[in-house]
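Chemist: Handing you this structure, nothing more for now.
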Amino acid sequence: MATITSAGIGSGIDVESLISRLVSLERQPIDQLKQRTDGLKTQLSAIGKLQSSLSTLRDLSGRLSRSEGFSGATASSSDATVFTASAASGAALGNYSIEVSRLAQAQSVASAPVAAGASTGTGTITIELGRYADDLSTFDADPARTSLVIPVVAGQDQLDKIRDQINAMKAGIVANVVSDVNGSRLVMRATDSGAANAFRVTVADDDGNPTDASGLSAFAFDRTAGAEVNIGSLKQVAQNALAKVDGVDIESASNRVEGVVQGVTLNLLKTTAVGSSATLSVAQDKTATKKLVTDFMAAYNDTLKQLRDLTKNDPNGTTGPLKGDQTINSIQFQLRQIAGSSTTLGGTLTRLADIGLDPGSDGSLKLNDSKLEAALDKPDNLRLLFSGVDSADAANSGFGVRLREAVDNLLSLDGRIESRKAGINNRIEANDDRSEALERRVQLVEKRLRAQYTALDGTMGRNAGVASYLQQQLDRL
């Protein structure tokens with residue numbers, strides 16, 4: 001009697017191939033579900049790219065919806081050796097006369113030369129920061145600023161040691177040692193310019209005389225009338241900058257002057273001759289405004305192209321992954337409707353076409369540079385065309401306002417984009433669940449088929465053995 005060890009051996013039938021083909025037929029619905037799921041994932045990816053494009057459009061529409069998006073300004077000087085200037089958004093436009101009679105300075109004091117290796121003397125140096133009276137009668141130390149107290153002891157009585165102590169304090173005074181053929185000098189300078197950043201230096205000289213110009217006394221300095229200690233060591237006086245803007249006197253502790261002209265920063269560099277002046281010109285930054293408008297146009301066109309590609313239906317070419325999708329079609333319609341509408345808030349500028357953004361047959365905007373340049377000469381009208389708000393009729397608000405609101409709604413958590421994505425994800429999950437159920441069914445079918453064909457194979461094998469036995473008996477007879 002034959003013993004079956006593998007399907008098909010007993011009967012000679014290719015049972016494995018037969019089972020494989022039958023199981024393959026059972027798997028066809030799973031393969032079809034996978035194809036549909038891959039298509040849904042392609043749709044999700046395409047919608048993700050659309051979201052990115054819409055986000056860019058929203059950001060640029062948002063900038064156009066705010067008045068400051070059109071308030072950029074540039075500042076220039078008729079004589080850049082006298083001053084330079086920069087302007088912030090919202091700067092007051094116009095031309096201004098600038099006269100500079102004095103520049104701000106930081107006080108600087110240099111000691112008498114000291115021979116190399118010679119002792120400076122010992123004791124204590126005290127530096128106070130404050131302001132001298134206009135008539136130099138008094139010095140008012142600033143109570144909010146800590147005085148620098150430098151102890152000078154034996155072994156530390158060298159210029160470089162004193163310099164290092166001053167600099168380590170980082171308290172408004174910097175020191176340096178300057179050397180030449182006459183010896184070395186200790187130079188002390190205020191870190192900030194302006195009359196309120198002056199300083200005086202007093203000493204407690206171990207030789208018992210703090211004003212005899214020997215020992216540490218050589219480093220003392222006081223400009224006050226009646227004291228006038230070592231005033232010959234003054235190399236630069238602490239003073240404020242003095243200037244006139246359109247004839248109005250201004251004073252500044254720094255040569256960087258802010259806010260005298262709204263939104264403008266002046267950097268004073270040189271005094272002007274008596275009776276002469278330089279001109280500050282503050283003008284609209286047309287270049288920045290033009291770039292903002294053209295960047296918006298590019299973002300709008302990119303979004304519209306993606307929407308068209310998603311719904312493309314070309315029998316002889318590529319078909320969009322969301323062909324016929326009502327959500328995508330409605331978004332495209334909404335954006336084109338806003339871009340093709342008008343507003344009365346921009347005066348003579350009522351449509352995007354009025355500023356050179358001409359709509360094409362496919363809805364995209366095409367730039368007419370000459371019309372945009374002309375619109376830039378009407379900054380208030382251009383601003384209102386995009387950022388004006390009509391509280392009585394939202395459909396009459398500026399294009400930036402309406403597009404920003406529309407895209408905000410589209411991208412919100414409960415907007416149409418997220419709802420469409422949720423719908424696709426739900427279908428993917430349902431397909432995955434169905435595929436798992438079908439996979440379990442296929443496994444059961446394969447198991448059943450294998451059992452059935454194995455049994456059949458065994459039966460046929462046994463019958464073959466009986467037939468062989470009977471044939472042998474017949475042959476003997």
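Chemist: Please list log₁₀ I(q)/I(0) at q = 0.13, 0.17, 0.19 Å⁻¹ for segment 91-237, using the Debye equation with identical point scatterers on the alpha-carbon positions.
Modeler: -0.58, -0.93, -1.15
Chemist: In segment 101-115, which residues have a backbone nitrogen under 20 Å from the label point lying 7 Å from T191's Cα in the Cα-to-Cβ direction?
Modeler: What the label zone holds, given the 20 Å backbone N cut-off, is 104-110.
Chemist: Which distance in Å, rounded to a whole number, links the C-alpha centroids of segment 200-231 and segment 66-117?
Modeler: 36
Chemist: With the dipole of the chain worked out from charges on the C-beta (+1 for Lys and Arg, -1 for Asp and Glu) around the Cα centre, which of Q165, L292, T265 lies farthest toward the positive end?
Modeler: L292
Chemist: Give me the accessible area per residue for the chain, probe 1.4 Å, as a whole number in Å².
Modeler: 52
Chemist: So, one more: Express the carbon and sulfur contribution to the solvent-accessible surface of segment 125-178 as a percent, rounded to the nearest whole number, probe 1.4 angstrom.
Modeler: The value for segment 125-178 is 51 percent carbon and sulfur by accessible area.
Chemist: At 1.4 Å probe size, with no ligands or nucleic acids counted, give the accessible surface of E405 in Å², nearest ten.
Modeler: 80
Chemist: Suppose R0 equals 35 Å. What FRET efficiency, 1/(1 + (r/R0)^6) with r the Cβ-Cβ distance, do L25 and N313 give to the nearest 0.05?
Modeler: Result of the calculation: an efficiency of 0.55.
Chemist: Relative to the longest principal Cα axis of the chain, at what angle does helix 326-339 sit, 0 to 90 degrees, rounded to 10?
Modeler: Tilt relative to the chain: about 30 degrees.
Chemist: Another question about this same structure. Using the Cα atoms of segment 228-306 to build a convex hull, what is its mean projected area in square nanometres?
Modeler: Dividing the Cα hull surface by four gives the mean projection, 9.8 nm².
Chemist: Same structure again: For a Förster distance of 56 Å, can you work out the FRET efficiency between the beta-carbons of D295 and D180, rounded to the nearest 0.05?
Modeler: Efficiency, rounded to the nearest 0.05: 0.45.
Chemist: Right, something else. For the chain, take the longest principal axis of its alpha carbons; what is the angle in degrees between that and the long axis of helix 416-476, to the nearest 10 within 0 to 90?
Modeler: 30
Chemist: Just need the relative contact order of the chain here, percent rounded to a whole number, with Cα pairs under 8 Å and 6+ apart.
Modeler: 23
Chemist: Something else now. Taking the Cα centre of the chain as the origin, how large is its charge dipole in debye, to the nearest 20, when only Lys and Arg (+1) and Asp and Glu (-1) carry charge on their Cβ atoms?
Modeler: 2540
Chemist: Same structure, new question: Checking the table K41/K323; K170/K270; K312/K421; K41/K421; K366/K421; K291/K378 against a 21 Å threshold on Cα-Cα, which pairs fail?
Modeler: Flagged as over cut-off: K170/K270; K366/K421.
Chemist: Could you state the per residue volume, in Å³, of the convex hull enclosing the Cα atoms of the chain?
Modeler: 370
Chemist: OK, next. How big is the dipole moment of segment 138-212 about its Cα centre under a simple scheme where the beta carbon of each Lys and Arg is +1, that of each Asp and Glu is -1, and everything else is neutral? Debye, nearest 20, please.
Modeler: With Lys and Arg at +1 and Asp and Glu at -1, about 340 debye.
Chemist: For an R0 of 30 angstrom, estimate the FRET efficiency from the Cβ-Cβ distance between S341 and K421 and round to the nearest 0.05.
Modeler: 0.60
Chemist: When only C-alpha pairs under 8 Å and at least 6 residues apart count, what is the relative contact order of segment 22-167, in percent?
Modeler: Rounded, it is 13 percent for segment 22-167.
Chemist: Between D302 and K286, what is the label-point separation in nm under the 7 Å Cα-to-beta-carbon projection?
Modeler: Distance between label points: 2.7 nm.
Chemist: Ignoring ligands, DNA and RNA, please state the percent of accessible area on segment 325-424 from carbon and sulfur, probe 1.4 Å.
Modeler: 51
Chemist: Still on this structure, I have one more. Can you give me the distance in nm between label points at R66 and D212, each placed 7 Å from the Cα along the Cα-to-Cβ direction?
Modeler: So the label points at R66 and D212 sit 7.0 nm apart.
The values are calculated or read from the model by the stated rules, or taken from the named source; none is laboratory data. As the structure is a computational prediction, the values presented were derived from the model and not from experiment. No Cβ is skipped: glycine too gets one built from the backbone with ideal geometry, and neighbour counts run over all protein chains shown. Each accessible area value is taken on the protein alone, full model and side chains, heavy atoms only, with ligands, DNA and RNA left out. Shrake-Rupley method; radii C 1.70, N 1.55, O 1.52, S 1.80 Å.
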